[in-house]
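Sharing a structure below in structure tokens format, with a few things to ask.
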Amino acid sequence: MRLVLSKQRTLVAIGLCLAALSARLAAESAPAAATPEIQTQESQTAMTPATALQRLQEGNRRFASNTPRRRDWPVKVAATAAEQSPFAAVLGCMDSRVPIEIVFDQGIGDVFGVRVAGNVVNDDELGSLEYAVKVGCKLLVVLGHTGCGAVKGAIDRVELGNLTVLLAKIQPAVAAAACHSSKDASCVTKVAEINVSQVVKEIRERSSYLRTYLDAGKVVLVGAIYDVATGKVRFLEN
């Protein structure tokens, strides 16, 4: 009996030792949490519109392939508490499936996000984008998406309080798309693409401040469509 108990204790001790060793090896081999990249005035100044666009493209590829960067969010919060130096500003739809920082795999302090249903533009959005450029942003993006509820509402000519006026801003895109079914996914996407292109054009036409930077090549303005089914962003030709 004593011999059996002794063997049992020995086996238990060996098992505990192996478990401890396994845990230690796993901890040592696991990659350390990455120190979050902090966007500074220096890095913002050094960035070009082309590298800013590349950074968003690479970030979306990471997101879509489920390989986002590891970030220490509390450290990022503390590091950006005193100031911010975003490199891009994104005018996107308010849709809950298209969170700007997440789909582009960016951190706190990296991008300005301006969100409104249908990613339409008015004086408030224009002022926000002008501020972004004033403080150093090199890239402006108008981001629409597939399956957009605002676009569907515009196609169906929905009337609902103040939303009626907002949806009217998308009507020119509906007319240009020459399709009339909100249940047709390709029609909704076509209207969304045209709407993005028209908003890009409207931003340039309505803001002389932004136009000065765009014409000088100091800032680039592009349109893009996010696919809610794949997580991929497709940048449009201007």
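The values are calculated or read from the model by the stated rules, or taken from the named source; none is laboratory data. Remember, it's a predicted structure, so these values are computed and weren't measured experimentally. Methodologically, a virtual Cβ is constructed for each residue, glycine included, from the backbone with ideal geometry; neighbour enumeration extends over all protein chains shown. For accessibility, only protein heavy atoms count, side chains too; no ligands or nucleic acids. Shrake-Rupley method; radii C 1.70, N 1.55, O 1.52, S 1.80 Å.
For the range 124-135, which residues satisfy the criterion of being surrounded by fewer than 24 Cβ atoms within 10 Å (Cβ to Cβ), of a type outside the set (D, E, K, R) and touching a helix residue (DSSP H, G or I) at 6+ places or on another chain (Cβ under 8 Å)?
Within the range 124-135, L126, V133 qualify.
While we're on this one: Have a look at T67, T35 and point out the one that is at pLDDT 95 or above, outside any helix (DSSP H, G or I) and more than 30 Å from E125 (Cβ to Cβ).
The unique qualifying residue is T67.
Let me ask something additional. Six or more apart or on different chains, Cβ under 6 Å: which pairs go from a residue in the range 37-66 that's under 25 Å from A78 (Cβ atoms) to one that's of a type in the set (G, A, S) and in a helix (DSSP H, G or I)? Could you list them?
Between residues of the range 37-66 that are under 25 Å from A78 (Cβ atoms) and residues that are of a type in the set (G, A, S) and in a helix (DSSP H, G or I), the close pairs are I38/A79.
Here's something else I'd like to know. If I filter the range 136-164 down to residues being on the phi < 0 side of the Ramachandran plot, without any contact (Cβ under 8 Å) to a residue 24 or more places away in the chain and not in a helix (DSSP H, G or I), which single residue comes out as surrounded by the most Cβ atoms within 10 Å (Cβ to Cβ)?
For the range 136-164, the residue satisfying everything is V158.
So which of K138, K152 ends up being of a type in the set (D, E, K, R), more than 30 Å from D184 (Cα to Cα) and touching a helix residue (DSSP H, G or I) at 6+ places or on another chain (Cβ under 9 Å)?
Exactly one residue qualifies, and that residue is K138.
Mind listing whichever residues of the range 56-96 are buried (at least 16 other Cβ atoms within 10 Å of the Cβ) and either over 12 Å from the mean Cα position of the chain (by Cα) or of a type in the set (D, E, K, R) (or both)?
If the condition is that a residue be buried (at least 16 other Cβ atoms within 10 Å of the Cβ) and either over 12 Å from the mean Cα position of the chain (by Cα) or of a type in the set (D, E, K, R) (or both), then R71, K76, A79, T80, Q84, S85, P86, F87, D95 are the ones that fit.
Which residue out of V103, V111 is closer than 15 Å to Y226 by Cβ, open to solvent by less than 10 Å² (accessible area, probe 1.4 Å), in contact (Cβ under 8 Å) with a residue 12 or more places away in the chain and out of contact with any His (no Cβ under 8 Å at 6 or more places or on another chain)?
One residue alone meets the criteria, V103.
While we're here: Regarding E193, is this residue out of contact with any Pro (no Cβ under 8 Å at 6 or more places or on another chain) and touching a residue at least 12 places away in the same chain (Cβ under 8 Å)?
Yes; evaluated as a whole, the condition is true for this residue.
A further question follows. Give the range 128-170 a look and list any residue that's acidic (D, E) and under 30 Å from L214 (Cα atoms), or say none.
Of everything in the range 128-170, just one residue is acidic (D, E) and under 30 Å from L214 (Cα atoms), namely E130.
Kindly check whether there is at least one residue in the range 213-220 that is in a helix (DSSP H, G or I), open to solvent by less than 50 Å² (accessible area, probe 1.4 Å), modelled with pLDDT of 95 or more and out of contact with any Leu (no Cβ under 6 Å at 6 or more places or on another chain).
No, the range 213-220 contains no residue that is in a helix (DSSP H, G or I), open to solvent by less than 50 Å² (accessible area, probe 1.4 Å), modelled with pLDDT of 95 or more and out of contact with any Leu (no Cβ under 6 Å at 6 or more places or on another chain).
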